[in-house]
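Structure first, commentary second.
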Amino acid sequence: MKVEIVLPNGETKLKEYKGIITAEDLIEEFKDEIEHQVVSCRLNNRDARLDEVIDDDCHVELKDMTNPYGNMAYQASLTLLYLKAISDILGPEVKTTIANSLSKGVFTKIHTNGLSDEIAESIQKRMEELVKRDEKIKEERIEREDALEYLEKKENPDEYKLFSTAKDLNHAFLATLDDTSSLFYVHTVPSCRYLKLFEVRRYRNGMLLRFPHPSNVDVVPEYAEQKKLYEAFSEETHWEHLMGVNTIGELNERILNDDAKDLVMLSEALHEKKIAEIAEEIKEAGKRIILIAGPSSSGKTTFAKRLIIQLRVTGLNPLYLGTDDYFINREDMPRDEHGEMDFESLSAVDVDLFTSQMNDLLAGKKVDIPEFDFLEGRKMFGKRITSIDHTQPIVIEGIHGLNPKLTIGINDDEKFKIYISPLTQINIDMHHRIPTTDARMLRRLVRDYRTRGRDARQTIKDWPSVRKGEEINIFPYNSEADVFFNSQCIYELAVLKKYAKPLLEEIGRDEAEYPEAQRMNKFLDFFVSIEEDDIIANNSIIREFIGGSIIV
């Protein structure tokens, strides 16, 4: 049989084999040409496990953790290893919740008393022992009815509720490590030897399970505490308790019971309450430069304009600006490694002009604020000549808002910094969180199609570049924030489903973006769809993506 092999670096090999082989055999054969640990593969553009038999002509792609599916496969496998070690150290009756991303890993809650650094060390050592012994991980595909029967016997109410409410969810993968089993929705690795890189660390009332980041898959990154992010997730957990929704199964039940309207209204009320609290905090602090930053599809524009309304309620009269208007002219625009104009780099912003004009405004001077004309590729002047009095704040929205280099020439005492992102705390079930990046990508996919006429294939294709830019320009500075605002609407994925699914289904099997489209499609299968948009307020953050907003 003829096998075309694509190594993780993109190099292609064409070979003939007699008999059957697996991707594991190919990893061993080409190990000297593979830079990072391979953890997943695609067979004829279908995601598969490394030990799946290849017995016919095939196109095989080997994937390491820089690949999104490979990264998820590593995390799923590491979760099973972690659960096994907890069972061995603390007993099989102890339950564990995989809660949310934090500090280049996941924050987990082990539901037992007396957690300590010593217990974290014991779990780490047990995991290392299982890796050293190369314990095997078995996996079988389990169909819907069998999954329901399995979950009922295992007394897993969250997962049972998910399968019983999500009628589009037709299968999962049952992975087993010795006496520990769990359902997963991506393939696991065949054995523990693939899971050498991790760290277990005691943190607050739980544990951090940390692992390599896609930007450097050969090391566990240096630990950095994210106190404000932890607090933001804790606040979101409180919100979910108020709404009675902690998992997708519970969300689905509310929708099926015709409670979607109440859920939407409560979610929006909590957003409005938080924005009002931030406005009051700004007024009390007397800050006049309000900087709002966050990654792609966070809802920055809607948030900024709702904040302005709440600031006006407090008696202030803010001026709104976007840093995009301070782009340098097109002929001077920096280029990325592909020769494309890099609008996401700070060097694309005329920092000197921005700083000068902000200081002039604070001093009460009249300023000719530019508007960037994207057709002409240059700043246009003469349209926004303005000044402000000594009480007026300036609300500034842009991806570099928290980067100290943007405002280095402005008095720090004037600045109030806000980081915004949809911090998805609702879980699929106890052992599966919803990645924030997936929620943002679906928002962007729907908006790109509606406002720019871009198909889902192009959005998926561009997403790694977007994420790379965020890792450089946004995420390193979120610790600068005075306040985190969680822009997640707890109901939003149930709304986005009806918009995103048809777009994802248009991507053909032979296209490079097909596997990621299929993964996202399967992810949306978890949700019962909210079909009626008229229950969503017309100033909601989600309206920025689905349309119908009165403020953007």
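Taken together, the values in this text are just the output of simple stated rules run on the coordinates, not laboratory data. Since this is a predicted model, take the numbers as computed values, not measurements. Please note: Cβ atoms are built from the backbone with ideal geometry, for glycine as well, and neighbour counts cover all protein chains shown.
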Practice item. Using the structure shown, select from K15/K461; K227/K261; K365/K415; K283/K365; K154/K522; K125/K468 the pairs with a Cα to Cα distance greater than 27 angstrom. Key: K15/K461; K227/K261; K125/K468
Study note, to complete from the structure: For K366, counting only aspartates and glutamates whose alpha-carbon sits under 16 Å away and dropping same-chain residues fewer than eight positions off, the answer is D389
Point to revise | Convex hull volume per residue in cubic angstrom - Cα atoms of segment 351-399 | key: 87 Å³
Practice item. Quick one: work out Rg over Rh on the C-alpha atoms of segment 472-516, Rh as Kirkwood radius. Key: 1.19
Review point. Dividing the alpha-carbon radius of gyration of segment 184-318 by 2.2 N^0.38 Å (N being the number of residues), what value is obtained?
Key: 1.43
Point to revise | Set of aspartates and glutamates near K379 by C-alpha distance (under 19 Å), chain-local residues within fewer than 8 positions excluded | key: D324, D325, E331, D332, D342, E344, D350, D352, D360, D368, E371, E397
Point to revise | Largest-first principal axis extents, alpha carbons of segment 420-539, Å | key: 44, 35, 34
Exercise for review: Could you tell me how many degrees, from 0 to 90 and to the nearest 10, lie between the Cα long axis of helix 260-285 and the main elongation axis, the longest principal axis, of the Cα atoms of the chain?
Suggested key: 50 degrees
Study note, to complete from the structure: Taking only Cα atoms of segment 2-64, the Rg to Rh ratio with Kirkwood Rh works out at 0.90
Check your understanding: If you average 1/r over all unlike Cα pairs in the chain and invert the result, what Kirkwood radius do you get in angstrom?
Key -> 25.3 Å
Study note, to complete from the structure: Subtracting the Cα-Cα distance of N317 and K13 from 0.36 nm times their residue separation yields 103.0 nm
Check your understanding: Between K136 and D168, what length comes free when the chain is fully extended (0.36 nm per residue of separation minus the Cα-Cα distance, one decimal in nm)?
Key -> 8.4 nm
Study note, to complete from the structure: Helix 68-90: inclination vs the chain longest Cα principal axis, degrees, rounded to 10, gives 70 degrees
Practice item. Find the Cα radius of gyration of segment 69-210, compare it with 2.2 N^0.38 Å by division, and give the number to two decimals. Key: 1.04
Review point. Once both labels are modelled 7 Å past Cα along the beta-carbon direction, what's the V219-R330 spacing in nm?
Key: 4.2 nm
Practice item. Once you have a ≥ b ≥ c as the square roots of the Cα gyration tensor eigenvalues for segment 471-552, tell me rounded if a/c is under 1.5, and otherwise prolate or oblate according to whether a/b is larger than b/c. Key: oblate
Practice item. Could you pull out the pairs from K383/K417; K31/K132; K228/K497 whose alpha carbons sit more than 22 Å apart here? Key: K383/K417; K228/K497
Exercise for review: Give me the percent of DSSP beta bridges within the chain that run antiparallel, rounded to the nearest 5.
Suggested key: 70 percent
**Study point:** Peptides 342-348, 51-57, 194-200 ordered by average Cβ neighbours within 10 Å, highest first
**Key:** 194-200, 342-348, 51-57
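Give the Rg/Rh ratio for segment 106-182, taking Rg as the radius of gyration of the Cα atoms and Rh as the Kirkwood radius, to two decimals.
1.07
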Point to revise | segment 2-64: relative contact order as a whole-number percent, Cα under 8 Å and 6+ apart | key: 43 percent
Check your understanding: Want the number for D510 to N113: 0.36 nm per residue separation, take away the alpha-carbon distance, what's left?
Key -> 137.7 nm
Study note, to complete from the structure: Per-residue ellipticity at 222 nm attributable to helices in the chain (runs of n ≥ 4 DSSP H, -39500 (n - 2.57) apiece, nearest 500 deg cm²/dmol) works out to -12000 deg cm²/dmol
Revision key, fill the gap. FRET efficiency for L256 and L148 from the Cβ-Cβ distance with R0 = 22 Å, rounded to 0.05, comes out at 0.85
